[in-house]
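A quick write-up on the structure given underneath.
The values are calculated or read from the model by the stated rules, or taken from the named source; none is laboratory data. These numbers were taken from a predicted model, which means no experiment stands behind them. Cβ placement follows ideal geometry from the backbone for every residue including glycine, while neighbour counts extend to all protein chains displayed.
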Amino acid sequence: MSYKIPLFDLNFGIEEEKAVSETLRSKWISSGPKCLEFEKVFSEHLGADYAVSLTNCTCALHLSLIALGIESDAEVIVPSLTFVATVNAVRYVNAKPVFCDILSCESLNMDPDHIETLITEKTKAIIPMHYAGFPCDMEKIMSIAKKNNLSVIEDACHGPLSEYKGKKLGTIGDIGCFSFFSNKNISTGEGGMIVTNNKAVFERIKNLRSHGMTTVSYDRAKGHATSYDITDLGYNYRMDDIRASLGLTQIKKLLPDLKRRAEIRDLYISELKSIEEIIIPFEKNTGFVSNYIFPIVLKDSNAIKRDRLRNILKDRFIQTSIHYPPVHLFSIYGYKNGSLPVTENVGDNEITLPMYGNLSDENVHYITESIKKGLL
């Protein structure tokens, strides 16, 4: 069916077409000058020392674990209320994901107190995922990590330019991982980035992303090298210049887009906060965030009631989604209901409403009125 109001809409225009065309005409379309420029611009926007562009955020998570020495039989504490890639990356290095519950229906991020109860002698890292771009309690998480000598990898795929106490998300832990998937705040189709202030970590990830090669094609094409060695068991995780050119164009649009998203969020809150059947997560947050998505959680409800409301909205040509089915309940992980009660409650009762910079006030009114009618 065709939705009158989609969940997300690309912020693409003639600028992206021009950027791609210029890259195609340059005759260099694999990883090269545009990737280097994108890395420089992105790290500057976040105030990070280093950035490495990658094929996607899953690659970023995978290489981050390798670079920090997370190996077989290690345990890594992860959220379950996330996209499965956050957790799958832990399995890629033969480590064990240990699932942490979230704080509440009002705050959908990892519970630091639960993190502490999960630490064992095998625990080596924590991966906080900043849900919807709203920051986890990084002060507590970093304190726990320091006390227990744990690495911290921020899954900041929802939060480019989101802030926590004056710092950009992704720059607080050892490594920050970002996604440029087609529905993210910065869209390149596929794509990802790591940022870090650790030069050794940066150098290793840069090496790992390209087969462990000491030089890459662009170096040799420009005469900077004539041969290469293989120093590590690497991967083909490079971004290409076509996508990097899109990223450079998108990042110029990011701040105005985020400011508009903040206005849309305020409008949603003003029209939904009086509905007793709804909880608006992070309603009282006052910090600057990306507002990647707009979630609501139904009170005194269940998955059947939640899906009934989603179908009503669908019949009114409004697209919605669920962020996320709890990862620990997927067949591959095999946990039973009841393991993470707060996460499971949100998984059954969360609805993600449309959120994007060119969503009109009129359409927000239509969505909220449709919700009110659907709850009658």
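Considering only region 255-271, how many residues are in contact with a Leu (Cβ under 8 Å, 6 or more places away or on another chain) and buried (at least 18 other Cβ atoms within 10 Å of the Cβ)?
Within region 255-271, the first condition is being in contact with a Leu (Cβ under 8 Å, 6 or more places away or on another chain), and the residues that meet it are 255, 258, 264, 268.
Subset that is buried (at least 18 other Cβ atoms within 10 Å of the Cβ): 258, 264, 268.
Result for region 255-271: 3.
Can you go through Gly166, Gly189, Gly176 and tell me which one is on the phi > 0 side of the Ramachandran plot, touching a residue at least 12 places away in the same chain (Cβ under 8 Å) and outside the structural domain of Val364 (by TED's automatic domain parsing)? Break it down stepwise before answering.
Values: Gly166 fails: touching a residue at least 12 places away in the same chain (Cβ under 8 Å); Gly176 fails: on the phi > 0 side of the Ramachandran plot.
None of the other options fit; the residue is Gly189.
Taking only pairs six or more apart or across chains, which ones have beta-carbon atoms under 9 Å, a first residue in region 334-352 that is free of Cβ contacts under 8 Å to residues at least 24 places away in the same chain and closer than 17 Å to Val84 by Cα, and a second residue that is small (Gly, Ala, Ser) and surrounded by fewer than 21 Cβ atoms within 10 Å (Cβ to Cβ)?
The qualifying pairs are Glu344/Gly338.
Where the second residue is surrounded by 15 or more Cβ atoms within 10 Å (Cβ to Cβ) and among the aromatic types (Phe, Trp, Tyr) and the first is in a loop (DSSP other than H, G, I, E, B) and lies in region 17-30, which pairs have Cβ atoms under 8 Å and are six or more apart or on separate chains?
Trp28/Tyr218; Ser30/Tyr218
From the list Cys105, Cys35, which one is crowded, with 16+ Cβ neighbours inside 10 Å, at negative phi, touching a residue at least 24 places away in the same chain (Cβ under 8 Å) and part of a loop (DSSP other than H, G, I, E, B)? Step through it out loud before you land on a result.
Working: Cys35 fails: part of a loop (DSSP other than H, G, I, E, B).
Unique residue meeting the criteria: Cys105.
Quick one: how many residues across region 306-335 are hydroxyl-bearing (Ser, Thr, Tyr) and farther than 18 Å from Ile296 by Cα?
Here is the first cut: in region 306-335, the ones hydroxyl-bearing (Ser, Thr, Tyr) are 320-321, 324, 331, 333, 335.
Imposing the further condition that a residue be farther than 18 Å from Ile296 by Cα reduces the set to 331, 333, 335.
Within region 306-335, residues that are hydroxyl-bearing (Ser, Thr, Tyr) and farther than 18 Å from Ile296 by Cα number 3.
Among the candidates Asn198, Asn185, single out the residue that is at pLDDT 95 or above, over 19 Å from the mean Cα position of the chain (by Cα) and closer than 30 Å to Ala244 by Cβ.
Working: Asn185 fails: over 19 Å from the mean Cα position of the chain (by Cα).
Residue meeting the stated conditions: Asn198.
Kindly indicate which of Leu24, Leu46 is closer than 29 Å to Tyr218 by Cα and either out of contact with any Pro (no Cβ under 9 Å at 6 or more places or on another chain) or of a type in the set (S, T, N, Q) (or both).
Values: Leu46 fails: either out of contact with any Pro (no Cβ under 9 Å at 6 or more places or on another chain) or of a type in the set (S, T, N, Q) (or both).
None of the other options fit; the residue is Leu24.
Tally up the residues in region 236-250 that are hydroxyl-bearing (Ser, Thr, Tyr), over 13 Å from Val216 (Cα atoms) and surrounded by fewer than 24 Cβ atoms within 10 Å (Cβ to Cβ), please. So that I can check it myself, show each step before the final result.
Quick first cut of region 236-250, residues hydroxyl-bearing (Ser, Thr, Tyr) only: 237, 245, 249.
Filter once more, keeping what is over 13 Å from Val216 (Cα atoms): 245, 249.
After this cut, where a residue has to be surrounded by fewer than 24 Cβ atoms within 10 Å (Cβ to Cβ) as well, the list is 249.
Qualifying residue count, region 236-250: 1.
Scanning region 227-273 for residues that are acidic (Asp, Glu) and modelled with pLDDT under 95, which turns out farthest from Gly133 (Cα to Cα)? Steps first, answer last, please.
Taking region 227-273 and keeping what is acidic (Asp, Glu), we get 229, 232, 240-241, 257, 263, 266, 271.
Keeping just the survivors that are modelled with pLDDT under 95 gives 229, 232.
Working: Asp229: 40, Asp232: 34 Å.
In this case the residue turns out to be Asp229.
This table checks each residue for (1) assigned to a strand (DSSP E or B); (2) within 16 Å of Leu150 (Cβ to Cβ).
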site: Phe83; (1), (2): no, no
site: Asn88; (1), (2): no, no
site: Asn94; (1), (2): no, no
site: Pro97; (1), (2): yes, yes
site: His114; (1), (2): no, yes
site: Thr120; (1), (2): no, yes
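Taking into account only those residues within region 173-182 that are part of a loop (DSSP other than H, G, I, E, B) and surrounded by 21 or more Cβ atoms within 10 Å (Cβ to Cβ), which is farthest from the chain's Cα centre (by Cα)?
Looking only at region 173-182, we keep the residues that are part of a loop (DSSP other than H, G, I, E, B), and these are 173-174, 180, 182.
Adding the requirement that they be surrounded by 21 or more Cβ atoms within 10 Å (Cβ to Cβ) leaves 173, 180.
On the way: Gly173: 15, Phe180: 9 Å.
Among those residues, the one meeting the criterion is Gly173.
Residue check: is Cys157 part of a loop (DSSP other than H, G, I, E, B), assigned by TED's automatic domain parsing to the domain that holds Val78 and touching a Pro at 6+ places or on another chain (Cβ under 6 Å)? Before the answer, list the steps.
Working: part of a loop (DSSP other than H, G, I, E, B): yes; assigned by TED's automatic domain parsing to the domain that holds Val78: yes; touching a Pro at 6+ places or on another chain (Cβ under 6 Å): no.
Spelling it out, it is not the case that Cys157 is part of a loop (DSSP other than H, G, I, E, B), assigned by TED's automatic domain parsing to the domain that holds Val78 and touching a Pro at 6+ places or on another chain (Cβ under 6 Å).
What are the residue pairs meeting all of these: first residue in region 246-261, first residue over 8 Å from Gly357 (Cβ atoms), second residue charged (D, E, K, R), Cβ atoms under 7 Å, and 6 or more apart or on different chains?
As it stands, the answer is Leu246/Glu16; Leu248/Lys34; Leu248/Glu37; Thr249/Glu15; Thr249/Glu16, since those pairs meet every condition given.
Quick one: would you say Glu276 is over 30 Å from Leu46 (Cβ atoms), assigned to a helix (DSSP H, G or I) and of a type in the set (Asp, Glu)? Walk me through it before giving the result.
Working: over 30 Å from Leu46 (Cβ atoms): yes; assigned to a helix (DSSP H, G or I): no; of a type in the set (Asp, Glu): yes.
Here the answer is no, as Glu276 does not meet what is asked.
Would you please list the contacts, defined by Cβ atoms under 6 Å and residues six or more apart or on different chains, that run from a residue in region 53-77 that is in a loop (DSSP other than H, G, I, E, B) to a residue that is among the polar types (S, T, N, Q)?
The qualifying pairs are Leu68/Ser151; Ser72/Asn94.
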